[in-house]
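Heads up, the thing below is written out as structure tokens.
The values are calculated or read from the model by the stated rules, or taken from the named source; none is laboratory data. Model, not experiment: these values are computed from the prediction. Cβ: placed from backbone, ideal geometry, glycine included. Neighbour counts: every protein chain shown.
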Amino acid sequence: MMNFKDDPRVVLTLDAGGTNMVFGAMKGGGFIVEPMTLPAHSDNLDLCLGTIVKGFRAVVNRLDSKPSAISFAFPGPADYPNGIIGGYLPNFPSFRDGVALGPFLEKIFSVPVFINNDGDLFAYGEAIGGLLPEVNDKLEMAGSSKRYRNLIGYTFGTGLGIGIVVNGQLNRGDNSCVETFCLPHRDDKDMIVEDGVAIKAIKRIYGELSGNPAHKFEPKDIFDIAEGKMSGDKKAAKKTFAEIGAAAGDVMVTAASLIDGLIVIGGGVTASHKYFMPSLLEALRGKIHTFKGEETGRVQSEIYNLDEPEEFAVFAKGSQRKLKVYGFNDEVVYDPQKRIGVAISKLGASKAISIGAYTFALDQLDRK
């Protein structure tokens with residue numbers, strides 16, 4: 001993994017939201033200017049593009065040196081390798097017919113521009129400067145020979161985002177369309193899983209369980225109700241998070257089976273992980289039967305909660321033993337246990353995305 005913390009190059013960044021846009025600049029993996037916030041004007045293409053140019057120019061004027069690149073996440077479908085934003089974009093309706101945003105910014109600022117999905121950059125940031133190196137360091141300290149190179153990042157928020165890093169490289173797919181939000185919900189095959197996990201789902205499920213569908217609570221309020229800090233239906237609040245955990249864990253089974261790497265979870269909803277993590281892990285650890293009636297795991301690995309010290313100790317230990325090389329006196333270390341760790345992001349989604357955007361730009365610049 002790259003040592004981005006010592007890199008002297010400056011990269012312009014953007015947190016692109018449908019209401020506001022936050023502009024910044026990073027060097028060595030940290031922000032070096034005070035972020036600037038401007039209204040997005042997302043329903044007016046001319047005003048929106050003008051805002052983006054204005055924001056980046058204001059940041060450039062605060063720098064002591066010329067930036068090496070622009071790198072940021074943009075919500076929604078896009079041809080990310082070519083910097084073209086278009087398609088169904090609820091938060092940016094003026095981009096729906098297709099906007100060559102990357103080429104536009106390269107013309108204006110004369111630096112390479114890299115745009116990615118926010119779920120992708122979250123996973124990349126966690127792989128470069130978050131969970132992946134942290135777990136490998138802890139495994140080394142524990143004397144384990146096990147190391148991880150693959151990571152799945154999930155974000156719980158307004159949607160259900162995913163990002164995948166394989167052997168240290170971001171997997172963007174051939175169509176910039178690596179997604180699982182559209183897989184069917186475990187309890188309603190006619191509903192996508194995102195509609196059972198995202199913020200709107202939390203509010204809907206609590207309303208159904210509490211018998212108060214017209215409530216005005218936000219997920220933070222529902223968490224506080226579960227904690228006993230606000231008045232409301234405590235039992236319904238706890239069950240709400242348990243239900244989203246089960247739905248998320250069910251879809252993670254598919255990703256974990258195909259990618260076979262660590263799983264890190266981020267986003268605003270993760271504050272409630274004490275209530276959704278048990279059901280999420282239960283789904284990942286679920287069993288299924290073969291045609292012959294034999295029981296097997298839905299994921300062919302043991303699943304560990306890395307945020308629990310006792311579980312991490314077992315995870316690190318594995319089944320490591322020495323194995324003699326047949327016909328020789330030599331011995332090799334053998335650990336036959338297949339295992340996957342799951343953890344809540346310690347960086348937080350915003351910081352992980354920023355690190356992902358910064359390091360992605362550096363990696364691409366180094367390849368040129």
Q | Selected residue (only one of ASN212, ASN167 is closer than 20 Å to ASN117 by Cα, over 16 Å from the mean Cα position of the chain (by Cα) and without any contact (Cβ under 8 Å) to a residue 24 or more places away in the chain) | A | ASN167
Q | Matching residues in segment 203-215 - criterion: being part of a loop (DSSP other than H, G, I, E, B) and in contact with a Lys or Arg (Cβ under 9 Å, 6 or more places away or on another chain) | A | PRO213, HIS215
Q: Identify all residues within segment 190-213 that are touching a helix residue (DSSP H, G or I) at 6+ places or on another chain (Cβ under 7 Å) and either over 17 Å from PHE276 (Cα atoms) or polar (S, T, N, Q) (or both); write none if there are none.
A: SER210, PRO213
(Q) Just to be sure I understand the filter: pairs with C-beta atoms under 6 Å, separated by 6 or more residues or on different chains, first member in segment 75-86 and more than 15 Å from LEU105 (Cβ to Cβ), second member at pLDDT 90 or above and surrounded by fewer than 19 Cβ atoms within 10 Å (Cβ to Cβ). Which pairs pass? (A) GLY86/GLY98
**Q.** Number of positions in segment 306-323 that are modelled with pLDDT under 95 and among the aliphatic types (A, V, I, L, M)
**A.** 1
Q) How many residues are over 8 Å from ALA123 (Cβ atoms) and not in a loop (DSSP other than H, G, I, E, B) if we restrict to segment 144-167? A) 6
Q) Which residues, taken from segment 61-83, are of a type outside the set (Ser, Thr, Tyr), out of contact with any Cys (no Cβ under 8 Å at 6 or more places or on another chain) and surrounded by fewer than 19 Cβ atoms within 10 Å (Cβ to Cβ)? A) ASN61, ARG62, LEU63, ASP64, LYS66, ASP79, PRO81, ASN82
Q. Looking only at strands (runs of 3 or more DSSP E) that fall completely inside segment 301-352, which ones have 2 or more residues that are under 18 Å from SER144 (Cβ atoms) and of a type outside the set (Lys, Arg)?
A. 302-305, 331-334, 339-344
Q.
Against the condition of a type in the set (A, V, I, L, M), closer than 22 Å to GLY163 by Cβ and surrounded by fewer than 23 Cβ atoms within 10 Å (Cβ to Cβ), how does ILE265 come out, does it pass?
A. no
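Conditions (1) within 20 Å of ARG96 (Cβ to Cβ); (2) under 26 Å from the mean Cα position of the chain (by Cα); (3) in a helix (DSSP H, G or I), marked per residue:
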residue	(1), (2), (3)
LEU12	no, yes, no
ALA25	no, yes, no
THR37	no, yes, no
ILE52	yes, yes, yes
ASP64	no, no, no
ILE70	no, yes, no
Q. Looking only at segment 185-197, which residues are touching a residue at least 40 places away in the same chain (Cβ under 8 Å) and touching a strand residue (DSSP E or B) at 6+ places or on another chain (Cβ under 6 Å)?
A. VAL197
